[in-house]
Structure formats: C-alpha cells, structure tokens
1. Just to check I understand the Karplus step: with θ = phi - 60° and J = 6.51 cos²θ - 1.76 cosθ + 1.60, what whole-Hz values come out for segment 55-65, glycine and proline as x?
2. Note down the magnitude of the dipole of segment 214-335 about its Cα centre, charges +1 on Lys and Arg C-beta and -1 on Asp and Glu C-beta and zero elsewhere, to the nearest 20 debye.
3. Kindly state, to the nearest 0.05, the FRET efficiency for residue 95 paired with residue 270, given R0 = 35 Å and r defined as their beta-carbon distance.
4. Could you go through segment 141-146 in sequence order and give the Karplus-derived ³J(HN,Hα) for each residue, using 6.51 cos²θ - 1.76 cosθ + 1.60 with θ = phi - 60°, rounded to whole Hz, and x for Gly and Pro?
5. Given bins 5 angstrom wide, list per bin the percent of all Cα-Cα distances in segment 201-379, short to long.
6. Quick one: length gained pulling residue 179 to residue 288 fully straight, 0.36 nm per residue minus the C-alpha distance?
7. Let me check I've understood the local charge: for residue 118, count other residues with C-beta under 12 angstrom from its C-beta, Lys and Arg +1, Asp and Glu -1. What total comes out?
8. So, in nm, how far is label residue 354 from label residue 206 when the simple model puts each one 7 Å beyond its Cα toward the Cβ?
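Nothing in this text is a laboratory measurement; each read-out follows from the coordinates by a stated rule. From a predicted model like this one, the values you see are computed outputs, not experimental measurements. We place every Cβ from the backbone using ideal geometry, glycine too, and count neighbours over all the protein chains shown.
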Amino acid sequence: MVVTSSTRWASRAQFFSSGFIFATWGVHVPTVKAHYGIDEAQLGLAMLAAGAGAMYGLTSAGRWIGRHGPRRMAAVCGCVYALLLAGLIAMPGYLALLGLLAAFGLVTSVFDVAINTEAAQLELHGGTPLMSGMHGMFSLGGMAGAASGSAALAAGLGAQAHLLWVAAAMVLMVAVSSMRMLPNPPATTDASTADRKFRLPRGALAVLGVLAALGLIAEGAIYDWSVLYMQQELGSPQKQAALAYASFSAAMAAARFGGDAMRARFSPAALLLGSGVLAAAAMTLVLLTNLPWLALIGFAGVGVGFANVVPILFGASARVPDVEPATGIAAVSAVAYLGFMAGPAVIGLLARASSLTAALYVVVVFAVALAASARYTNSGGDQPA
C-alpha cells in the first residue's frame, strides 16, 4: 500500500476538522447553558448523554470500520458530526438536547476511531511516527475553532449563525479530505468480521485503557469547563473566556508537533511522568490565581502536559500483537470513554456542591495519578523507535 503526501494531508485535515468541531462545542457550552436555562449539574448530565452515545459507538466501531473501512466511516460520521453541531441551540427543549448530544457522541466516537485507525495504518505502511503530529492537527483545529469562535462573538455574530457557518465549512472539509484517504478494503462478510466484535480489553489493552481514561477525563475537563471557569469564576467576558480553550489547544498542538521526535528519543514512561507532573503543576496555578492572564498561561501549561498522553497510548494500542488496529484503538477508547463519559457529570455535581474551582482539582489529581502510573506504559508495547 503506497502512502503519499496527499494521503497524509487528508488524514491531517480530518484531525483538524475533529478538533475544530469539538472546540466550537466547547466555546458554546456557556451558550447552551444560558439558552436552555440549566445549571452545572444538568449541563453535566447533557455531557453524560454525549458520553453514553460515544460508548455505544465505540462498542460497534471496530466492526463497522472493519466492514466499511476508515475512509467511508470517517466521511459519513464526520459529516453528521458537523451537521449536529448546528442543532445545539435549535432543539425545542432540554430533553431534545440530550437526544442530540447522544447522537453527537456516537458519531464523534466512530469518527475518532476511524481517523486514528487511518493514522496508525499510515505509520505502519510509511515507516515513520505520525500519530503525535496527527493529534497535533486536532489541537490546531481546536485552537482555530476556539479563536474563530471568540472572534465571531466579539464581532457580534449570533451564536446560531456561527454554528451554521462552522457546520457548513466542516462538512465540506471532511467530505473533500475523505476522498484522499487510503482506499477502503473490499467489503467483508459477517463471518469474517466476527473477531471484530467489541470485547472488554485485557492485559496490555486494559492497562492502556485505564491510563487513557485518566488522560481523557483530565483533558476533557479543560475542553468542557475551561471557558465557563474563566467566565464564571474569574469574571471574564465570554469572548475572553474562549481564549482559555484556545491557549490550551495552541500549546497542546505545538507540543504534539514535536511529540513524534520525543517518542523516538524517550521511553513512554519517561514522557508520561514528565507530562503528568507538568500538567498537575500548571492546573494548580490556574486554580490558585485570580488573574485571567495568568490562568491563560496555566491552561497553556496544562496543554503541554497532556499533549502526548493520548497519542502514545493510542499508538501503542494499534500495535498490540494479534489485535487489529481498529479493534485495539476501539477497545482502549472504550475504557477511556467510560471515564470521559462520567467525568463531566461528576465535575458538574461537585461544582454544584461546592464550586467549579474545587471541582476542577480533579484535573490535578488525575495528572498526578498519570505520573505515578507512568512505569506501566512500558508494558504496553510502545517503545521508543
């Protein structure tokens, strides 16, 4: 299988699109909260609905991608993902929002597995590390989505108009880039895809899944709550608060673009240890300061700290012996999403019981846990090149 420059850039475009769409959701978390008149606990429940949809998608992603190929599944799920974004504040009520977010989570999870499977195949057939750079494009998309969202709000563009413009642009990008991905494999029968049915991971995949869960809970807390934290706890206007997401994503993107070289030089355990310590220290700074500009610096530090956690773990899951890349990534992602699914709801409940500041100390706790567990990554099969 020949890997060309256009194929690699098509994959990068898919990661960029995923990050841009997810960032736009992050920017409009306060918009959704205000539009439906809900509190932090109800908002956390809405995020839980998205997590539940993601879990359902992950239990079927390996089978669907095995049958139809990453290219076709990325095209379909990526376009639906973008279209659902346009409905965030167009639902008739809170219950309808829960249904939309469940569907949003489902297509998001399958899209993520499809593009990560594509990236793993590009690494395998191209012979060079690519996964961190691909996730760097996700973060770059996140930065662009957050920055453009902030600019749109500052310019007075209405929230619904912004969501419609983003949805249209991302459908176009996903559709065009999907055409340049690796060709789909021939269609397979149910019998030949039986081994792709979802199973709870064991052994190395289970360890990688638990570590990925710690990383995604902490990372997801920043995506879902950083803008609201800046607005509600530090008194920043929404157009400034959106920069919390942008600074986090920009720093994460920069660190991920250098991540493949670091993976080639350092062991997974060393990288994870340093990442956890940095993320814990930076998040502590965010939560202790009352200065918005210093909090933005802290969010950037958190982004650098978490930058290469998921690329390392997903890359390892795609190379576990006797496990197909899509199946390994889906299994590790499923365990990770168990935490990712519960995380926003837990933070919402803690915020209602105390404060959002106190609830976000969960990020510090999990960053420390990642650092303490770093030695276990060396058994996951992802050794330095």
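1. 4, 4, x, 5, 6, 10, 4, x, 5, 5, 5
2. 280
3. About 0.15, to the nearest 0.05.
4. x, x, 4, 5, x, 5
5. Cα pair-distance distribution for segment 201-379, in percent: 1, 9, 18, 21, 20, 14, 9, 5, 2, 0, 0.
6. On the way: separation 109, 0.36 × 109 = 39.24 nm, distance 4.76 nm.
Fully extending the segment from residue 179 to residue 288 adds 34.5 nm.
7. Surrounding charge for residue 118 is +3.
8. 3.2
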